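See below for the structure under consideration.
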Amino acid sequence: MPSMALRTSATDRLATLSARELEVLALMTDGRSNRAIGDQLFLTQRTVESHIRNIYGRLGLLPGCGDHRRVLAVLLYLRAGSCAQHPPSTGGELRFGQTRALPRIKPAHASAVMAPVT
């Protein structure tokens, strides 16, 4: 579990994002592509890219650092416990600091992967 200082830092950094940027980041957390985010929020792909650039800038994720900024932004969001209680698809407004349980993901082939080797 992240330390309280890390959580506070992540929370402070996320507080700088606009409501729309938080919506975009929430959909990034769900693994959505830029195109899928645009389709869901009725935005052009260029607008989605602009929001993502702003997210990276406000979170201090600079280009060219050799890291995957999209992954780092999602991790920061998850560490702060900021998953939306009402995802954008339900029409509910995304509010910073609300949480929901993350879905458990079980691959369809899990039984084959976990089967003992004989």
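A few comments on the model shown:
- Radius 13 Å from Cβ of LEU43, net charge of other residues (Lys, Arg +1; Asp, Glu -1): 0
- Computed magnitude of the charge dipole of region 5-45 (debye, nearest 20; Cβ of K, R +1, Cβ of D, E -1): 80
Values in this text are rule-based calculations from the coordinates and carry no lab data. Since the model is a prediction, treat every value here as computed from it, not as a measurement. When we count neighbours, we look across all protein chains shown, and the Cβ atoms used for this are built from the backbone with ideal geometry, even at glycine.
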